[in-house]
Amino acid sequence: MERVIWKTTVWVDNKKAGTAESLSTPQLFELPPLSPGKHTIVLAIDNRQHYQIGDATHAYTDGTQIIWNGVIGKMEIQAKEQSIRQVKITPDIDGQKVNFMIKLDNTAISQENQLKVAIYFKGKNIAHKNIAVDPNNTYLALPIPHPQLWDEFAPHLYTASVQLVKRNKVMDHYQARFGMRKVTNEQSLLQINNNRIFLRGTLECNIFPLTGHPPMQKEGWIKVMVTAKSYGLNHLRFHSWCPPEAAFNVADSLGMYLQIELPLWATIRKNPDSTQQFLRKEAELILNSYGNHPSFCFFSMGNELEGNFTWLNGLVKDLKSQDNRRLYATTSFSFGQKSWPQPQDQFYVTQWTTKGWVRGQGIFNDKAPSFNSDYRRSIDSIPVPIISHEIGQYSVYPNMQEIKKYTGVLEPLNFIAVKKTLRKRECFLWQIVI
C-alpha cells in the first residue's frame, strides 16, 4: 500500500497477517501462502495520531492536506518465490563507477541463485555483470567511463537492472533510474559534481485542495515542478513531510533539487520514547525507499525543532554512516537553539545566527526587503552552507476570483470569510460617504 495515514493491520481469511505504520513510505506486508481460490483480505486503517510529532506536521494535519483515511497510490499483491529486498545504488563520479549493495530475502536463497546486474543509458547496455549471491549482502561495482552527470542543467539518467535468477529463471527483477552526481559542502559551499550551486527554492507544504491529498501520479507533480521551473526555481523543500515516488521521478527528469523532511514539527523529549523510535525507523524507511533518486539531495529531520538536540545529532550521525549520498541537517531552523550549526549539520537553515540576521522573514518584518543589503557579517566563519528560512511569508491581498476554483473536497472558508468582511466594510464606508 503506497501511502497510508497512519497505522494498518491486515487480516487474510480472518487470520492476522501483520501491522505496519509509516506516513512517508509504502507499507509492506508478507502474506501467508495462498492457495488458488477465493480469499478475504481485511484492512483496518487507524488514522489517529500515534506519536507526538506535532500538531501541524504537513504529513499529518488538517492545515494543508486533510487527515484522510484509506489508501492512495498503488495497492497491489505480488506473488514471488524469492525476492530482492533492497538495492542501494551509489554513484562515484570521481572513480567513474557505480557501487551496488543488494539485499535479498534469505529464506529461500541457495547456491543455485545468481544476480545479473546491468546499467543502461538511453536504452543501450553500457555495463553488466553476473555475480554469485552472498547470503548476507551482495556488493559489486560497475564501471562507467566518462559518465554523463546529473544536475539542474543536464539531468542525465541511467537505468539499473538487477535480476535474481535461479536455473535461468528470473525469480525477481528490480529496476530503477539513477543519476551520476555527488552533493558536497566543501569550503562551506553547496556543490553538485564539484560545481557551486545556488538554491532558488520554495516550500511544498502538501496543499492540494481539489483532492485533499498529494498526487500519486506523475501528472500532478509535472504541474507542480514545471511551474516552479518556469519561475527560475531549482529547489523544493518538502516542509515536514516526504512526497511519494512519483514526485521523485519527475524531479529526477527535470533536475530539481529536493529537500525531504521527517514528519516532525515538535519539541523532542529529553528521554528516549516511542516517538523517537518511530522517527528513526521512518528516516531509515525514507532512505531505503527513495535513496536512489538523484533529486533527493537534502534531508532534514523536521521543521523548527526544539528540545533534545543530542538525540537529533545522534540520529543524523547514524543516517550519514548508512547513506552518504546527500547532505543532512538536524532541523530546518530552530527558535530556541543556539543560532549556529549543530555538530552533525552538513547545511544550516536559519533566519539568524549568533552574529545577526540573515536574509529572511524576521528581518523583513521590520525592514523593507532590499537587494543591496550585506549579510556577510552574519554568516562569517560559519562552517557549513547556509540556507535562509521561509523568506517569502508576506501578507497579500486575496484574489476572490480563486474561490470558484475550489471544485473539489475542500472549501475556501478563509477566502469566503475575508469576502464577507470586505462586504461589511464596503457597506460601512458607503454609509459614511452618504
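The values are calculated or read from the model by the stated rules, or taken from the named source; none is laboratory data. As the structure is a prediction and not an experimental result, all values here were calculated from the model. A quick note on method: Cβ atoms are made from the backbone with ideal geometry, for glycine too, and the neighbour counts reach across all protein chains shown.
Report every pair of residues separated by at least 6 positions or lying on different chains whose Cβ atoms are under 7 Å apart, first residue within segment 405-420 and over 25 Å from P214 (Cβ atoms), second part of a helix (DSSP H, G or I).
Listed pairs, sorted by first residue: K419/M400.
Scan segment 362-381 and tell me whether some residue there is within 30 Å of R181 (Cβ to Cβ), within 25 Å of the chain's Cα centre (by Cα) and not polar (S, T, N, Q).
no
Checking A141 against (1) within 30 Å of P33 (Cβ to Cβ); (2) in contact with a strand residue (DSSP E or B) (Cβ under 6 Å, 6 or more places away or on another chain), which single condition isn't satisfied?
The failed condition is (1).
What tally of residues in segment 173-193 results from selecting those that are within 19 Å of D252 (Cα to Cα), assigned to a loop (DSSP other than H, G, I, E, B) and out of contact with any helix residue (DSSP H, G or I) (no Cβ under 7 Å at 6 or more places or on another chain)?
4
Looking only at segment 353-364, filter to residues that are surrounded by fewer than 19 Cβ atoms within 10 Å (Cβ to Cβ) and at pLDDT 90 or above; which one of those is nearest to I260 (Cα to Cα)?
It comes out as T354.
Would you pick out the residues in segment 257-278 that are outside any loop (DSSP other than H, G, I, E, B) and either in contact (Cβ under 8 Å) with a residue 40 or more places away in the chain or buried (at least 21 other Cβ atoms within 10 Å of the Cβ) (or both)?
Y257, L258, Q259, I260, E261, T267, I268, S274, T275, F278 - these are the residues of segment 257-278 that are outside any loop (DSSP other than H, G, I, E, B) and either in contact (Cβ under 8 Å) with a residue 40 or more places away in the chain or buried (at least 21 other Cβ atoms within 10 Å of the Cβ) (or both).
Which of the following residues is in contact with a Leu (Cβ under 6 Å, 6 or more places away or on another chain) and either closer than 30 Å to A132 by Cα or in the same structural domain as N168 (by TED's automatic domain parsing) (or both): V12, V98, V87?
One residue alone meets the criteria, V98.
Looking only at segment 32-76, count every residue that is among the acidic types (D, E), within 22 Å of W11 (Cα to Cα) and either in a loop (DSSP other than H, G, I, E, B) or in contact with a His (Cβ under 6 Å, 6 or more places away or on another chain) (or both) and tell me the total.
Of the residues in that region, 1 qualify.
Does segment 202-215 contain at least one residue that is at pLDDT 95 or above, crowded, with 18+ Cβ neighbours inside 10 Å, closer than 19 Å to S289 by Cα and not charged (D, E, K, R)?
Within segment 202-215, one or more residues are at pLDDT 95 or above, crowded, with 18+ Cβ neighbours inside 10 Å, closer than 19 Å to S289 by Cα and not charged (D, E, K, R).
Filter segment 240-256 for residues that are surrounded by 24 or more Cβ atoms within 10 Å (Cβ to Cβ) and out of contact with any helix residue (DSSP H, G or I) (no Cβ under 8 Å at 6 or more places or on another chain) and give the result.
Residues satisfying the conditions are S240, W241, P244.
Specify the residue that is nearest to L279 (Cα to Cα); the eligible residues are those in segment 296-351 that are small (G, A, S) and not in a strand (DSSP E or B).
The selected residue is G302.
Out of all the residues in segment 390-400, is one or more at positive phi, touching a residue at least 40 places away in the same chain (Cβ under 8 Å), buried (at least 18 other Cβ atoms within 10 Å of the Cβ) and in contact with a helix residue (DSSP H, G or I) (Cβ under 9 Å, 6 or more places away or on another chain)?
Checked segment 390-400: at least one residue is at positive phi, touching a residue at least 40 places away in the same chain (Cβ under 8 Å), buried (at least 18 other Cβ atoms within 10 Å of the Cβ) and in contact with a helix residue (DSSP H, G or I) (Cβ under 9 Å, 6 or more places away or on another chain).
Residues being within 30 Å of L264 (Cα to Cα), out of contact with any Phe, Trp or Tyr (no Cβ under 7 Å at 6 or more places or on another chain) and assigned to a loop (DSSP other than H, G, I, E, B): count how many of those fall in segment 9-23.
Qualifying residue count for the region: 1.
In segment 29-45, is there at least one residue being touching a helix residue (DSSP H, G or I) at 6+ places or on another chain (Cβ under 8 Å) and of a type in the set (D, E)?
No: zero hits.
Mind listing just one residue for me: the one in segment 82-120 that is polar (S, T, N, Q), touching a residue at least 60 places away in the same chain (Cβ under 8 Å) and outside any strand (DSSP E or B) and, of those, farthest from K169 (Cα to Cα)?
S83
Can you tell me which condition V170 does not meet? The list is (1) more than 27 Å from the chain's Cα centre (by Cα); (2) outside any strand (DSSP E or B), and all the others hold.
Unmet for V170, out of (1) more than 27 Å from the chain's Cα centre (by Cα); (2) outside any strand (DSSP E or B): (2).
Going by the structure shown, is P26 modelled with pLDDT of 95 or more and either part of a loop (DSSP other than H, G, I, E, B) or not assigned by TED's automatic domain parsing to the domain that holds Y290 (or both)?
The answer is yes for P26.
Hey, any hits in segment 365-374 for a residue that's assigned by TED's automatic domain parsing to the domain that holds H213, modelled with pLDDT of 90 or more and surrounded by 11 or more Cβ atoms within 10 Å (Cβ to Cβ)?
So far as segment 365-374 goes, no, none of its residues is assigned by TED's automatic domain parsing to the domain that holds H213, modelled with pLDDT of 90 or more and surrounded by 11 or more Cβ atoms within 10 Å (Cβ to Cβ).
Return the total of residues in segment 352-406 being among the hydrophobic types (A, V, I, L, M, F, W, C) and not in a loop (DSSP other than H, G, I, E, B).
Looking only at that region, the number is 9.
Can you pull out the residues in segment 1-30 that are among the hydroxyl-bearing types (S, T, Y) and touching a strand residue (DSSP E or B) at 6+ places or on another chain (Cβ under 8 Å)?
T8, T9, T19, S22 - these are the residues of segment 1-30 that are among the hydroxyl-bearing types (S, T, Y) and touching a strand residue (DSSP E or B) at 6+ places or on another chain (Cβ under 8 Å).
Across segment 389-430, what is the total count of residues that are among the small types (G, A, S) and closer than 22 Å to T202 by Cβ?
2
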